[in-house]
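Colleague: I am attaching a structure below and will ask some questions about it afterwards.
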Amino acid sequence: MEKLIVEGGKPLAGTVRISGAKNAALPLMAATLLTSGKHILRNVPDLRDTRTFIKLLEDLGVQCERKGDTVTFDSTHIRHSEASYTLVKTMRASVLVLGPLLARTGKAKVSLPGGCAIGARPINFHIMGLERLGVTCLLEGGYVDAEINTPMQGNVIYFDIPSVTGTENMLMASVLAQGTTVLKNAAREPEIGNLVDMLIGMGANIEGRDSDKLTIHGVDKLVPADCAIIPDRIEAGTYLIAIAATRGHGTVTHCNPAHLPSLLEKLRQTGLVVTEDVSTITVETPDTIKSPFSLDSVDIKTMPYPGYPTDLQAQFMALMALSSDTSVINETIFENRFMHVAELQRLGADIRTDGHTAVINGKGLKGLSGAPVMATDLRASSSLVIAGLAASGRTEISRIYHLERGYENLVEKLTGLGARVWKERE
């Protein structure tokens, strides 16, 4: 097992290219199950999660071939319709094969998913939606066992809470259903828009892209896809926050600023200068008579898109630990997403939590010192990297396999920004 070593205290500077979005790549990969033929996905990030998902598809019978960031999926032959626990235990997104397998084969048996321990992410929305389409679902032995006795019929499906994977699964299940399906209070994340574009390119009839009401008119057949993965907005946001935390000056390229409206506004509220164009975002410390620049404290509340993303909450907390005053973070999406607090405290952060609320007493740029810490989940890992980059001295981060689930070439990209960071064996 490897650990990450970070020698902090150096401002980041330069440019970093953003990879394709993990959270878009996984549902698009699942959608290749919907129809036979060769599908082509471009800008696919090479991550632990995408590699695991490819193994899952290969086990189902899909032939997968990667060349650079392009992956070809030949889904002509599906051997079976069971996603076993062995393959999906580390990745919650595995549940995304449920909808397309049902639409393609009429049955699916999918292990209840694993992944980050950030709280309950129940699949009741998936089961409720499938049952509304006429699917029989049983939960037993740690599996969802679903089967269609008669062709799926379109229906109205209302989500009590916008569910990203629930919306994606219902999109894929309903494109081949008979009649019209309406998804109300659907999630609106850009990754869902990417899936809608792919499905429409395959011949699906979907209305309401980027809205909370999606109308799907079932079609008789689909054709193979040729689609590009959108840039990873969470990766882009992570690097922007890292540059800000070190009082650096840097640019993320090959991104989409329109996908990060809340983060960019919050960064501006701290006093940093943020500029953007079509595919780049630059963050820098402003010219000021203050020496050094003092980062203003800012409150955030995580919300479904286009609100502040829960996947950037831990990173922003690390930034606020370096601010000039007190800030408050309210986490409304996942109940266990403050597990990084104890590790940030080991670096010297002054943070108190009460339920879903964290109060951060900023200590300024010199407020953190390096220490051994342990990653608890994917985004918590990146918050520790950010804190380590800003801290004085050496930070050692263990269990970095979490980072490898969502950040492609992290060490190389940080090194390109001037960071002193490398891997060592535990």
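We did not get these values from a lab; they are worked out from the coordinates using the rules stated. Source: prediction; values computed, not measured. Quick reminder, even Gly has a Cβ in these numbers, built from the backbone with ideal geometry, and neighbours come from all protein chains shown.
Colleague: Using the Cα centre of the chain as origin and beta-carbon charges of +1 (Lys, Arg) and -1 (Asp, Glu), tell me which of VAL411, ILE230, THR253 is placed farthest towards the positive end of the dipole.
Modeller: The one lying farthest along the dipole's positive direction is VAL411.
Colleague: So what's the gap between the Cα centers of segment 368-412 and segment 140-154, to the nearest angstrom?
Modeller: 41
Colleague: Please list, by residue number, every one of the trypsin sites (Lys or Arg not before Pro) in segment 23-99 that is coil in DSSP and has at most 13 other beta-carbon atoms within 10 Å.
Modeller: Values: sites: LYS38, ARG42, ARG48, ARG51, LYS55, ARG66, LYS67, ARG79, LYS89, ARG92; in loops: ARG79, LYS89.
Loop-located and lightly packed - ARG79.
Colleague: Which value, in debye to the nearest 20, gives the size of the charge dipole of the chain about its Cα centre, when Lys and Arg are +1 and Asp and Glu are -1 at the Cβ?
Modeller: Details: 43 positive and 47 negative charges, 112 e Å.
Using Cβ point charges on Lys, Arg, Asp and Glu, the chain gives about 540 debye.
Colleague: May I ask for the distance between the Cα centers of segment 31-78 and segment 314-363, given as a whole number of Å?
Modeller: Each part's Cα centre sits 38 Å from the other's.
Colleague: Could I ask something else about it? Suppose only helical runs count, i.e. DSSP H with n ≥ 4. What mean residue ellipticity at 222 nm does that imply for the chain under -39500 (n - 2.57) per run, divided by all residues and rounded to the nearest 500 deg cm²/dmol?
Modeller: On the way: 14 runs with 127 residues, N = 426.
-8500 deg cm²/dmol, from helical runs alone.
Colleague: Among the GluC sites (Glu not before Pro) within segment 259-365, which fall in a DSSP loop and have no more than 16 other Cβ atoms within 10 Å of their own Cβ? Walk me through the numbers on the way to the answer.
Modeller: On the way: sites: GLU265, GLU276, GLU284, GLU331, GLU335, GLU343; in loops: GLU331, GLU335.
Sites meeting the loop and neighbour criteria: GLU335.
Colleague: Need the list of lysines near LYS266 for cross-linking: C-alpha distance under 18 angstrom, and skip anything on the same chain fewer than eight residues off.
Modeller: Excluding near neighbours in sequence, the set is LYS301.
Colleague: If each residue's Cβ is checked for other Cβ atoms within 10 Å, how do GLU7, GLU58, GLU168 rank with the fewest at the top?
Modeller: GLU58, GLU7, GLU168
Colleague: Which value in Å does the Kirkwood hydrodynamic radius of the chain take, with 1/r averaged over all unlike C-alpha pairs and then inverted? It would help to have the intermediate numbers written out before the result.
Modeller: On the way: mean 1/r = 0.0453 Å⁻¹.
Its Kirkwood hydrodynamic radius stands at 22.1 Å.
Colleague: I'd like the FRET efficiency for LYS301 and THR76, computed as 1/(1 + (r/R0)^6) with the beta carbon distance as r and R0 of 51 Å, rounded to 0.05.
Modeller: Details: r = 47 Å, r/R0 = 0.92.
It comes out at approximately 0.60.
Colleague: Now for a different question. To the nearest 20 Debye, how big is the dipole of segment 188-325 about its Cα centre, given +1 on the beta carbon of each Lys and Arg and -1 on that of each Asp and Glu? Before the final figure, lay out the partial values.
Modeller: Working: 10 positive and 19 negative charges, 44 e Å.
For segment 188-325, the charge dipole is close to 220 debye.
Colleague: Okay, moving on. Give me the percent of DSSP beta bridges within segment 201-336 that run antiparallel, rounded to the nearest 5.
Modeller: Numbers: 11 of 14 bridges.
Looking only at bridges with both residues in segment 201-336, the antiparallel portion is about 80 percent.
Colleague: Something else about it: Which lysines, on any chain, are close to LYS67 with Cα under 17 Å apart, when same-chain ones fewer than 8 places away are left out?
Modeller: Leaving aside lysines fewer than 8 places away in the same chain, those within reach of LYS67 are LYS38, LYS55.
Colleague: Tell me the volume per residue, in Å³, of the convex hull enclosing the alpha carbons of segment 22-228. Walk me through the numbers before you get to the answer.
Modeller: Details: hull volume 21.2 nm³, N = 207.
Enclosed volume per residue, from the Cα hull, is 102 Å³.
Colleague: Starting from the Cα of LYS366, draw a straight line to each of the lysines and keep only those under 17 Å, dropping any in the same chain fewer than 8 residues away.
Modeller: LYS10, LYS290
Colleague: Can you list which of the trypsin sites (Lys or Arg not before Pro) found in segment 336-367 are DSSP loop residues with at most 13 other C-beta atoms within 10 Å? Could you put the intermediate results ahead of the total?
Modeller: Numbers: sites: ARG337, ARG346, ARG352, LYS363, LYS366; in loops: ARG337, LYS363, LYS366.
Taking segment 336-367 and a limit of 13 other Cβ atoms within 10 Å, the loop trypsin sites (Lys or Arg not before Pro) found are LYS366.
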